[in-house]
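The values are calculated or read from the model by the stated rules, or taken from the named source; none is laboratory data. Note that the structure is a prediction, hence the values are computed from the model and not measured. Cβ: placed from backbone, ideal geometry, glycine included. Neighbour counts: every protein chain shown. Note: accessible area is taken over every heavy atom of the protein model, side chains too, but ligands, DNA and RNA are not part of it. Shrake-Rupley method; radii C 1.70, N 1.55, O 1.52, S 1.80 Å.
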Amino acid sequence: MSHKSIFLRTALAVFCMFSIIFHVNCNPQHIYASGGYEFVILGTYQATMKIGDTFYLAAVTTNGKKPSYSSSNSSVASVNTYGKITAKSAGTALITAKIKNGEASCKITVRKTVIALNQKSLTLENGYGAVLTANVSTGHPVKWKSSKKSVATVDEYGNVLAKKPGSTTITATADKTSASCKVTVKKPRVKLNKTKVSLYRRGKFKLAVTASSKSMPKWKSNKKSVATVDDEGNVTAVKNGSALITVTVDGVSRTCEVLVKKPVIRFAQDTVALSVGERYQLKVQVSSGNQPTYSSSNTSIAQVDENGVVCGKNPGRAYIYASEDGTKERVTVTVRQPPAP
């Protein structure tokens with residue numbers, strides 16, 4: 001090939017390139033070039049994207065035909081037949097626009113999604129909550145998850161609720177990227193208003209508990225035959241003895257000793273003298289305030305009713321007993337024949 005021919009071909013190539021640049025600005029869809037050289041000019045040769053972003057890669061060809069597009073790694077960035085690129089995951093990919101005798105590539109870098117939480121750790125009392133927020137570099141929504149729902153739960157809006165003492169991890173995930181917050185639900189501080197109480201049978205007392213958590217306290221008596229307790233902490237003495245009342249909040253327990261005392265019984269007098277058929281009201285003091293139970297050692301001589309009224313039946317001597325919750329006292333009753341009329 002002569003020098004003249006080489007010069008002409010080179011001049012023609014330069015002319016075609018300037019013609020293409022001019023036509024890209026004026027009418028990019030109709031580009032034509034003459035001669036034996038074919039090549040592709042791209043609008044950009046490298047781009048950085050976030051996951052989920054899209055953009056069109058403009059391409060101009062010397063033969064005026066639409067190029068075919070391909071991706072070297074479609075899991076990172078895909079491209080359709082119109083040059084629309086979609087970022088899918090972090091990494092790099094080459095997007096190539098190709099015609100029969102020419103091609104050009106654009107390097108696509110997809111940045112890894114960054115998630116920033118407003119808290120990296122939380123400490124809560126049971127029953128209390130907190131709100132976690134996530135700032136995602138792509139602006140995509142996150143999915144929330146708790147590793148231990150029995151300890152703390154999280155809803156779709158990042159609202160955390162403590163369920164029981166322990167620890168769990170709350171994770172926010174978007175675009176296959178995660179960020180986490182450690183949540184600790186601490187054991188509560190528990191206090192009883194009394195650690196020891198003395199009562200008589202049928203006596204009542206209300207125990208009050210203060211706890212730093214919102215959990216309902218659980219009450220228990222170790223000796224229900226001595227003292228019982230209901231769900232509100234109301235203690236009732238059943239009989240003399242001692243019992244432990246335990247309140248438990250989230251595994252933390254406190255106790256109160258309940259002593260049910262034996263009562264003191266006192267008669268107004270030690271002896272009573274009656275005639276056959278005569279009645280007498282016994283005068284008795286019981287420290288518990290409860291009504292004693294009366295009985296007679298010999299009902300054929302003296303009888304007593306439930307209210308402590310003694311009746312002489314036949315001449316002789318008998319003991320009248322007053323009993324209350326393990327305490328028993330007596331008075332001596334002597335019954336005589338009534339004087340002859």
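Return yes or no: is THR255 surrounded by 14 or more Cβ atoms within 10 Å (Cβ to Cβ), farther than 14 Å from GLY203 by Cα, out of contact with any Cys (no Cβ under 8 Å at 6 or more places or on another chain) and at pLDDT 95 or above?
yes
Scanning for something open to solvent by 50 Å² or more (accessible area, probe 1.4 Å) and without any contact (Cβ under 8 Å) to a residue 12 or more places away in the chain, does the stretch 230-237 turn up at least one residue? Quick ask: steps written out before the conclusion?
Just the residues of the stretch 230-237 that are open to solvent by 50 Å² or more (accessible area, probe 1.4 Å), to begin with: 230-232, 234.
Among the residues that remain, those that are also without any contact (Cβ under 8 Å) to a residue 12 or more places away in the chain are: 230.
Within the stretch 230-237, one or more residues are open to solvent by 50 Å² or more (accessible area, probe 1.4 Å) and without any contact (Cβ under 8 Å) to a residue 12 or more places away in the chain.
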Checklist entry - In the set GLN303, GLN285, which member is closer than 29 Å to PRO339 by Cβ, of a type in the set (S, T, N, Q) and open to solvent by 70 Å² or more (accessible area, probe 1.4 Å)? => result GLN303
Next on the checklist: Checking ARG189 against (1) of a type outside the set (A, V, I, L, M); (2) surrounded by 14 or more Cβ atoms within 10 Å (Cβ to Cβ); (3) within 30 Å of VAL131 (Cα to Cα): exactly one of these is not met. Which one?
Outcome noted: (2)
Checklist entry - Within the stretch 306-341, how many residues are among the hydrophobic types (A, V, I, L, M, F, W, C), surrounded by fewer than 16 Cβ atoms within 10 Å (Cβ to Cβ) and modelled with pLDDT of 95 or more? => result 1
Checklist outcome for this item: Here the qualifying pairs (Cβ atoms under 8 Å; residues six or more apart or on different chains; first in the stretch 181-196 and more than 13 Å from ILE170 (Cα to Cα); second of a type in the set (Phe, Trp, Tyr) and part of a strand (DSSP E or B)) come out as LYS194/PHE205
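Report yes if LYS214 is at pLDDT below 95 and open to solvent by 50 Å² or more (accessible area, probe 1.4 Å), otherwise no.
yes
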Checklist outcome for this item: Taking the stretch 136-151 and keeping residues assigned to a loop (DSSP other than H, G, I, E, B), without any contact (Cβ under 8 Å) to a residue 40 or more places away in the chain and polar (S, T, N, Q) leaves SER147, SER150
Checklist entry - For the stretch 71-102, what are the residues that are touching a residue at least 24 places away in the same chain (Cβ under 8 Å), in a loop (DSSP other than H, G, I, E, B) and exposed (fewer than 14 other Cβ atoms within 10 Å of the Cβ)? => result TYR82, LYS100, ASN101
Next on the checklist: Pairs please, first residue from the stretch 157-176 and within 20 Å of LYS214 (Cβ to Cβ) and in contact (Cβ under 8 Å) with a residue 60 or more places away in the chain, second anywhere and part of a strand (DSSP E or B) and open to solvent by less than 50 Å² (accessible area, probe 1.4 Å), Cβ atoms under 7 Å, 6+ apart in sequence or on different chains.
Outcome noted: LYS164/VAL185; PRO165/VAL185
Checklist entry - Failed condition for SER68, given (1) under 30 Å from SER137 (Cβ atoms); (2) among the small types (Gly, Ala, Ser); (3) open to solvent by 50 Å² or more (accessible area, probe 1.4 Å), with all others met? => result (1)
Checklist entry - Could you say whether any residue in the stretch 55-65 is closer than 30 Å to ALA134 by Cα, open to solvent by less than 80 Å² (accessible area, probe 1.4 Å), among the aromatic types (Phe, Trp, Tyr) and touching a residue at least 12 places away in the same chain (Cβ under 8 Å)? => result yes
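Go through the stretch 112-132 residue by residue and tally those that are open to solvent by 70 Å² or more (accessible area, probe 1.4 Å) and either of a type outside the set (Phe, Trp, Tyr) or outside any loop (DSSP other than H, G, I, E, B) (or both). First the steps, then the outcome.
First, pick out the residues of the stretch 112-132 that are open to solvent by 70 Å² or more (accessible area, probe 1.4 Å): 112, 114, 118-121, 123, 128, 131.
Imposing the further condition that a residue be either of a type outside the set (Phe, Trp, Tyr) or outside any loop (DSSP other than H, G, I, E, B) (or both) reduces the set to 112, 114, 118-121, 123, 131.
The qualifying residues number 8.
Filtering the stretch 157-184 down to residues that are over 23 Å from LYS50 (Cβ atoms) and outside any strand (DSSP E or B), which residue is least open to solvent (accessible area, probe 1.4 Å)?
So in the stretch 157-184, the residues over 23 Å from LYS50 (Cβ atoms) come out as 157, 159-170, 181-184.
Filter once more, so that each one left must be outside any strand (DSSP E or B): 157, 163-165.
On the way: TYR157: 154, LYS163: 102, LYS164: 95, PRO165: 35 Å².
The extreme case among them is PRO165.
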Next on the checklist: Quick test for you: out of GLU278, GLU232, pick the one residue that is acidic (Asp, Glu), under 21 Å from ASN307 (Cα atoms) and out of contact with any Ser or Thr (no Cβ under 7 Å at 6 or more places or on another chain).
Outcome noted: GLU278
